[in-house]
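Trainee: The following block contains the structure, expressed as structure tokens.
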Amino acid sequence: MRKINRLAVLIPGGLLAAAVFVGGCTSVAEQPPPAPGSAVGAANVMVSNVHAVDIAVDLEFARNGSSWMVSYVEGKWDDSTNGAPHTVPGGGPTQVAALSPDVQFLSPFAGGTPTAEPQLDSEGLGVVPISRDDFIQQHNQSAKIWLDDNGQVTKIAARYQP
């Protein structure tokens with residue numbers, strides 16, 4: 001099994017550079033099975049060759065030649081205040097991933113400026129398909145991100161946070 005590490009570097013002038021390091025390969029048979037009931041990769045879930053980052057915060061989008069990259073930090077829920085729980089950075093490193101050419105963006109709202117009542121699924125994720133530019137303009141606080149086996153982002157759904 002490959003271990004992929006990503007490193008993001010902000011170059012003066014606002015450019016975002018990324019490097020991907022692939023660690024030693026071992027077979028799946030050499031990997032110890034997870035303990036029953038353990039949380040494997042707390043925020044990462046693997047389902048049929050798709051990895052999901054349940055809570056991604058501090059999303060930043062940058063052009064990389066003709067393609068786009070997104071950087072984010074894995075987050076967690078903070079319910080330490082008397083108000084509604086909100087997402088915060090989990091303390092891990094900044095992750096960087098390329099957007100797939102056919103990436104899908106979902107938001108609670110249509111268009112670049114949030115209006116009307118939010119449209120949400122059972123997880124509080126937006127279900128309205130929008131363009132990348134509108135998604136970026138909405139300045140979403142957090143999202144769920146799906147990545148394929150190549151590490152490219154295939155879908156981003158913004159979390160509704162009133």
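The values are calculated or read from the model by the stated rules, or taken from the named source; none is laboratory data. Quantities reported herein were computed from a predicted structural model and do not represent experimental measurements. Glycine gets a Cβ as well: all are built from the backbone with ideal geometry, and neighbour counts include every protein chain shown. These area figures cover heavy atoms from the full protein model, side chains too; ligands, DNA and RNA do not enter into them. Shrake-Rupley method; radii C 1.70, N 1.55, O 1.52, S 1.80 Å.
Trainee: Among the listed residues 158, 97, which satisfies the condition of being open to solvent by less than 70 Å² (accessible area, probe 1.4 Å), in a strand (DSSP E or B) and in contact with a helix residue (DSSP H, G or I) (Cβ under 9 Å, 6 or more places away or on another chain)? Before the answer, list the steps.
Mentor: Numbers: 97 fails: in contact with a helix residue (DSSP H, G or I) (Cβ under 9 Å, 6 or more places away or on another chain).
Going through 158, 97 in turn, the sole match is 158.
Trainee: Residues in the stretch 46-86 that are polar (S, T, N, Q) and crowded, with 19+ Cβ neighbours inside 10 Å: how many?
Mentor: The total comes to 1.
Trainee: State the number of residues belonging to the stretch 65-86 that are of a type outside the set (A, V, I, L, M, F, W, C), at pLDDT 90 or above and in a strand (DSSP E or B).
Mentor: So the answer is 6.
Trainee: Which count do you get for residues in the stretch 106-162 that are farther than 17 Å from residue 67 by Cβ and in contact (Cβ under 8 Å) with a residue 60 or more places away in the chain?
Mentor: Here is the first cut: in the stretch 106-162, the residues farther than 17 Å from residue 67 by Cβ are 106-130, 134, 137-144, 146, 149, 157-162.
Those left that are additionally in contact (Cβ under 8 Å) with a residue 60 or more places away in the chain: 140-144, 146, 149, 159, 161-162.
Residues in the stretch 106-162 being farther than 17 Å from residue 67 by Cβ and in contact (Cβ under 8 Å) with a residue 60 or more places away in the chain: 10 in total.
Trainee: Which members of the stretch 104-155 meet the condition of being in a strand (DSSP E or B), open to solvent by 40 Å² or more (accessible area, probe 1.4 Å) and basic (Lys, Arg)?
Mentor: If the condition is that a residue be in a strand (DSSP E or B), open to solvent by 40 Å² or more (accessible area, probe 1.4 Å) and basic (Lys, Arg), then 155 is the only one that fits.
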